[in-house]
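Values quoted throughout were computed directly from the atomic coordinates according to the rules given, and no laboratory measurement underlies them. Everything numeric here is computed off the predicted structure, so don't read it as measured data. Every residue, glycine among them, receives a Cβ derived from its backbone with ideal geometry; neighbour counts consider all protein chains shown.
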Amino acid sequence: MKSEWTKLRTQPGALWSLLSAVILVVAFASCTGLLRVARPPHGAAAAASFDPTSVSLAGVQLAQVAAGVLRRAC
């Protein structure tokens, strides 16, 4: 843990990668949520199968890419 903390503090790219990961998660969750509000699912079956957790975690895959870049860059 100490070596990882040192790496995060000393590598300038690490901070940018972590910041981009957070921004990607928040931005995609917001955009997906706004899209769902603007265009709600039609019909009882579509409304019943709506998963709000999936909507809120929409940007996690892109954040994983940013974390992968962080791991490879350092």
Between GLN61 and THR10, what length comes free when the chain is fully extended (0.36 nm per residue of separation minus the Cα-Cα distance, one decimal in nm)?
15.8 nm
Let's see if you can work this out: charge +1 on each Lys and Arg Cβ, -1 on each Asp and Glu Cβ, no other charges. What is the dipole magnitude of the chain about its Cα centre, in debye to the nearest 20?
280 debye
Here are several values of Rg and Dmax of the Cα atoms in Å: (i) 16.9, 53; (ii) 21.6, 68; (iii) 15.5, 47. Which one was derived from the coordinates shown?
(i)
For a quick protection proxy, order the peptides 20-33, 50-63, 1-14 by their average other-Cβ count within 10 Å, most packed first.
20-33, 50-63, 1-14
Theoretical gain in end-to-end length, SER49 to LYS2 [0.36 nm per residue, Cα-Cα removed]
12.5 nm
C-alpha long axis of helix 60-73 to longest principal axis of the chain, angle in °
10 degrees
Note, the range 14-23: 3J(HN,Hα) by Karplus (6.51, -1.76, 1.60, θ = phi - 60°), whole Hz, Gly/Pro = x, goes 5, 4, 5, 5, 5, 5, 5, 5, 5, 5
